[in-house]
Structure formats: C-alpha cells, structure tokens
Amino acid sequence: MITYRQATLDDVDGMAEVEAASWPRSLAASRKAIADRVSVFAAAQWVAVLDGRIIGAAFAQRICLQQLQTTPLTYEYVTDHGTFRKTHLSDGPIYQLVGVGVAPAGQGMGCGRALIDRQIEFARGIDGITRILGFTRPVRFHQFPQLSIEEYLKRRSESGHVADPVLSFHLDSGARLVSSHADFRPNDHESRGYGILIEYPA
Ligand SMILES: CC(C)(COP(=O)(O)OP(=O)(O)OC[C@H]1O[C@@H](n2cnc3c(N)ncnc32)[C@H](O)[C@@H]1OP(=O)(O)O)[C@@H](O)C(=O)NCCC(=O)NCCS
C-alpha cells in the first residue's frame with residue numbers, strides 16, 4: 001500500500017532520485033534544492049512511500065500575489081532557483097504547488113493525484129491561505145509547432161477531456177486554468193517554455 005506523508009531531511013536522497021527519474025534532466029530539482037525546500041518549509045513537501053521506498057514527491061511554498069505579478073515571470077524567479085529560500089513567506093496567502101513527480105514504475109496508479117490531493121487538503125487547513133495555485137506544463141505542446149498556446153489549450157481528446165495529459169491531470173480534477181506564461185521555463189522544451197497557471201478551490 002502506498003502511504004503519503006510530509007517529508008523530513010532524511011527523505012531528501014529518495015526525493016532527489018524520484019525527481020531525476022520522473023522529470024526531464026534539465027528540469028529536475030537538484031538534491032541541494034530539495035534539501036533547501038525541506039529546510040525552509042518541511043510541512044509542504046510531501047512524499048509517497050511504497051515498501052519503504054519513496055516513489056513520488058510533491059513540493060509547495062507560500063507566496064503572495066505580488067510575486068506572481070512580477071515581469072518577466074519565470075520559474076527561477078518565483079521559486080528562487082528551485083530552493084524557496086527567498087520566495088517562501090511564512091504568512092503568504094497563496095499556497096503554490098511547485099512540482100509533482102512519480103517514478104516511472106509507480107505512474108498511472110493514482111499516486112500523483114493522491115499527492116496533489118494531500119497537498120490541497122493540507123493547504124485548506126492552513127490559516128491565512130486564500131488561494132491554491134500552481135504552474136503546470138503543457139507537456140505535448142512541442143508536438144504541435146503550428147498551434148498557438150491558445151489553440152493548444154483548446155484541444156480536446158475524443159472523450160472531451162483536455163488533450164494534454166499533464167494539463168488534464170489537474171483540470172479534470174477540479175483545477176481551473178488561470179493564465180499562460182511564455183518563457184516561464186525556457187529549458188522546458190516539451191512545453192515550448194510555457195508555464196500554465198492553474199488554480200484549485202481553496
Ligand atoms: C504527472 C505525473 C506526476 C502523474 O503521476 P501519476 O502517478 O502517473 O498520475 P496518476 O496515476 O495519479 O494520474 C494519472 C492521470 O494523469 C494524467 N497523466 C499525467 N501524465 C501522463 C502521461 N505522461 N501519460 C498519460 N497520462 C498522464 C492522465 O490524465 C491520467 O489519468 P488517467 O489515470 O485517468 O488516465 C507523472 O506523470 C510525472 O511524474 N510526470 C513527470 C513530471 C511532470 O511533468 N510533472 C507534472 C508537473 S505539474
């Protein structure tokens with residue numbers, strides 16, 4: 001059975017392994033960045049554990065609206081290069097989901113969804129949190145170079161769901177699309193650099 005819990009510094013190696021296995025190399029958070037995240041705000045870093053091994057990890061921090069209104073808005077800016085060191089505010093009203101990853105062998109079993117659901121449940125219980133937001137990835141956008149981001153976001157599968165699998169992971173589970181941001185993560189080639197801001201009900 002998969003169990004879900006908040007991370008401690010002892011989990012950092014396992015979380016870094018999951019990160020390296022699940023994300024494209026240029027996007028995976030480093031061991032050092034993960035250690036920083038746990039040091040800064042351990043309660044918002046969650047792990048999924050199966051048979052004593054970490055198979056999934058989901059990260060978050062607290063920020064304020066002004067941080068999202070800065071231009072240019074980039075992943076490096078809004079996460080302090082993935083560390084949360086200068087960006088996490090202990091009284092920030094926005095709970096920002098930063099990334100979820102599941103090791104390939106554990107994907108498709110509901111683990112990613114359960115991690116995000118745990119994060120949302122936790123955020124809703126924090127005094128002073130008014131919004132739950134996250135930047136996600138239009139991960140198959142690179143397969144449609146002829147489309148603008150607006151056209152790509154309108155694509156639907158035959159069953160009527162948002163066609164992009166990572167977007168549908170969020171949008172089919174209660175999140176709404178807020179805005180799209182060019183050059184959010186220029187090294188996310190699959191997403192053609194775009195970050196898509198989504199929001200779950202707080
Ligand atoms: C996105 C991710 C965390 C999903 O984890 P998971 O444990 O496989 O997800 P779940 O089993 O809970 O949910 C599966 C759903 O996710 C969606 N999905 C996400 N990525 C998918 C992929 N590569 N292929 C197919 N479906 C995918 C599907 O909608 C699927 O729904 P279904 O089960 O009804 O078909 C995982 O694919 C991953 O680690 N990806 C790489 C890192 C990344 O891009 N993270 C997203 C950042 S916001």
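Just checking, which of Arg53, Arg5, Arg62, Arg31 is of a type in the set (Lys, Arg) and within 16 Å of the chain's Cα centre (by Cα)? On inspection, the qualifying residue turns out to be Arg62. Which of the residues that make up region 42-64 are within 19 Å of Ser90 (Cα to Cα) and part of a strand (DSSP E or B)? If the condition is that a residue be within 19 Å of Ser90 (Cα to Cα) and part of a strand (DSSP E or B), then Trp46, Ala58, Phe59, Ala60, Gln61, Arg62, Ile63 are the ones that fit.
With respect to (1) within 13 Å of the ligand (Cβ to nearest atom); (2) under 23 Å from Tyr75 (Cβ atoms), the lone exception for Asp117 is condition (2).
Out of curiosity, is Ser22 polar (S, T, N, Q) and surrounded by 16 or more Cβ atoms within 10 Å (Cβ to Cβ)? In short, yes.
Of Leu153, Leu147, Leu167, which residue is away from the ligand (no atom under 13 Å from the Cβ) and surrounded by 17 or more Cβ atoms within 10 Å (Cβ to Cβ)?
From the options Leu153, Leu147, Leu167, the qualifying one is Leu153.
So, in region 95-105, how many residues would count as being near the ligand (Cβ under 6 Å from one of its atoms) and surrounded by fewer than 21 Cβ atoms within 10 Å (Cβ to Cβ)?
Looking only at region 95-105, we keep the residues that are near the ligand (Cβ under 6 Å from one of its atoms), and these are 99-102.
From the residues that got through so far, the ones that are surrounded by fewer than 21 Cβ atoms within 10 Å (Cβ to Cβ) too are none.
Counting residues in region 95-105 that are near the ligand (Cβ under 6 Å from one of its atoms) and surrounded by fewer than 21 Cβ atoms within 10 Å (Cβ to Cβ) gives 0.
Based on this model, can you work out whether Pro186 counts as under 15 Å from the mean Cα position of the chain (by Cα), under 24 Å from Glu19 (Cα atoms) and more than 9 Å from the ligand (Cβ to nearest atom)?
On the way: under 15 Å from the mean Cα position of the chain (by Cα): no; under 24 Å from Glu19 (Cα atoms): yes; more than 9 Å from the ligand (Cβ to nearest atom): yes.
When the stated conditions are applied, Pro186 does not pass them.
Here Pro72 meets each of (1) out of contact with any strand residue (DSSP E or B) (no Cβ under 8 Å at 6 or more places or on another chain); (2) at pLDDT 95 or above with one exception, condition (2).
Restricting region 5-27 to residues that are of a type in the set (Gly, Ala, Ser) and in contact (Cβ under 8 Å) with a residue 12 or more places away in the chain, the residue that is farthest from Pro104 (Cα to Cα) is Ala7.
Condition check for Asp127 on (1) more than 18 Å from Tyr4 (Cβ to Cβ); (2) free of Cβ contacts under 8 Å to residues at least 24 places away in the same chain; (3) within 14 Å of the ligand (Cβ to nearest atom): one failure, at (3).
The values are calculated or read from the model by the stated rules, or taken from the named source; none is laboratory data. Predicted model, so just to flag it, every value in this text is computed and none were measured. Ideal geometry is used to build each Cβ from the backbone, glycine not excepted, and the neighbour counts take in all protein chains shown.
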